[in-house]
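Report on the following structure.
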Amino acid sequence: MTGVLALAFAGLAALLHVYIFVLESVRWTRPQTWKVLGIADQRAAEITKPMAYNQGFYNLFLAIGAAVGVVLWIVNGTGDVAGRTLLIFSLGSMLAAALVLVTSGRKYLRPAAIQGTLPLLGLVLTILA
């Protein structure tokens, strides 16, 4: 049961990070996106677009790592070293990124909690499974 929950939270964390990728790398300069993410205005969105584009791809790569880990674990079983290793690395990196976000200021506490909760649960459950 722990393994199933680990895979569920890892999958949800991957999907969340794909969504973050879409916001940062595809939709960054759209008003509805920059308003949600706290960007001051269109000018600021345009200025920060290259940084957000790059950052979005980091999120996508972490999501891909977690997704591949999930697939390997399902195909090869819970004893699969490669799947478990990919999950631990990807989920751990997602969690670390959320912790770094917290150090950016109090206004980032909520986004960091959103970004880090699913990877934290997936990571703990992966280690315990």
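The values are calculated or read from the model by the stated rules, or taken from the named source; none is laboratory data. A quick note: this is a predicted structure, and the numbers were derived from the prediction, not measured. Cβ placement follows ideal geometry from the backbone for every residue including glycine, while neighbour counts extend to all protein chains displayed.
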| task | Give region 103-129 a look and list any residue that's of a type outside the set (Gly, Ala, Ser), in contact (Cβ under 8 Å) with a residue 12 or more places away in the chain and in contact with a Leu (Cβ under 6 Å, 6 or more places away or on another chain), or say none. | result | Leu118, Pro119, Leu120, Leu123, Leu125, Thr126
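For every residue, the table says whether it meets (1) of a type outside the set (A, V, I, L, M); (2) out of contact with any Leu (no Cβ under 9 Å at 6 or more places or on another chain).
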position: Tyr19; (1), (2): yes, yes
position: Glu24; (1), (2): yes, no
position: Val36; (1), (2): no, no
position: Arg43; (1), (2): yes, yes
position: Leu62; (1), (2): no, no
position: Val68; (1), (2): no, no
position: Leu72; (1), (2): no, no
position: Asn76; (1), (2): yes, yes
position: Ala82; (1), (2): no, no
| Failed condition for Gly83, given (1) of a type outside the set (Val, Ile, Thr); (2) surrounded by fewer than 17 Cβ atoms within 10 Å (Cβ to Cβ); (3) modelled with pLDDT under 95, with all others met? | (2)
| message | Of everything in region 65-76, what is among the hydrophobic types (A, V, I, L, M, F, W, C) and either surrounded by 17 or more Cβ atoms within 10 Å (Cβ to Cβ) or in contact (Cβ under 8 Å) with a residue 12 or more places away in the chain (or both)? Give them in sequence order. | response | Ala66, Ala67, Val68, Val70, Val71, Leu72, Trp73, Ile74
| task | Scan the helices (runs of 4 or more DSSP H) fully inside region 21-129 and keep the ones with 3 or more residues being in contact with a Pro (Cβ under 9 Å, 6 or more places away or on another chain). | result | 42-76, 81-102
| message | Among (1) within 15 Å of the chain's Cα centre (by Cα); (2) of a type outside the set (Ser, Thr, Tyr); (3) at pLDDT 95 or above, there is one condition Pro111 misses while meeting the rest; what is its number? | response | (3)
